[in-house]
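Quick notes on the structure that follows.
Bear in mind that the values in this text are calculations on the coordinates, not laboratory data. Worth saying up front: this structure is predicted, and the values here are computed from it rather than measured. Positions of Cβ are generated from backbone atoms using ideal geometry, with glycine treated the same way; all protein chains shown enter the neighbour counts.
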Amino acid sequence: MNHEVVAARVEHIAMATGIIAGLSAVAATIATPTGLTAFGVWLGLVDEPLIVTVAPIMDKLATVCGTISGMTYFYAVRKKRRTAKQSAPDSSGPSE
């Protein structure tokens, strides 16, 4: 598979997970227990909303995907430069 295609696909996955992580952070902020409900969560009488538990996991997933996307982008740039160097004619010799 072409290294540029792989880099583009990984970048799209990273963008999608970043959007999902952002939306889950907003939802967790809205769903965070306040007042007596927060006190009940602290006592263990009431369960914390699932989105509040999942939001940090989504954040870590988006960070990992972004890191992998950056690595594949720079790998694709490196491969592109290497193939450009190999296909360029050798002009370092003396010209007559």
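Need pairs with beta-carbon distance below 6 Å; first residue assigned to a helix (DSSP H, G or I) and within the stretch 58-76, second of a type in the set (Asp, Glu); sequence gap 6+ or separate chains.
69/11; 76/4
Considering only residues of the stretch 49-84 that are among the polar types (S, T, N, Q) and over 15 Å from residue 17 (Cα atoms), which is nearest to the chain's Cα centre (by Cα)?
Looking at residues that are among the polar types (S, T, N, Q) and over 15 Å from residue 17 (Cα atoms), I get 72.
Can you confirm whether the stretch 30-38 contains a residue that is over 30 Å from residue 3 (Cα atoms), touching a helix residue (DSSP H, G or I) at 6+ places or on another chain (Cβ under 7 Å) and aliphatic (A, V, I, L, M)?
There is at least one residue in the stretch 30-38 that is over 30 Å from residue 3 (Cα atoms), touching a helix residue (DSSP H, G or I) at 6+ places or on another chain (Cβ under 7 Å) and aliphatic (A, V, I, L, M).
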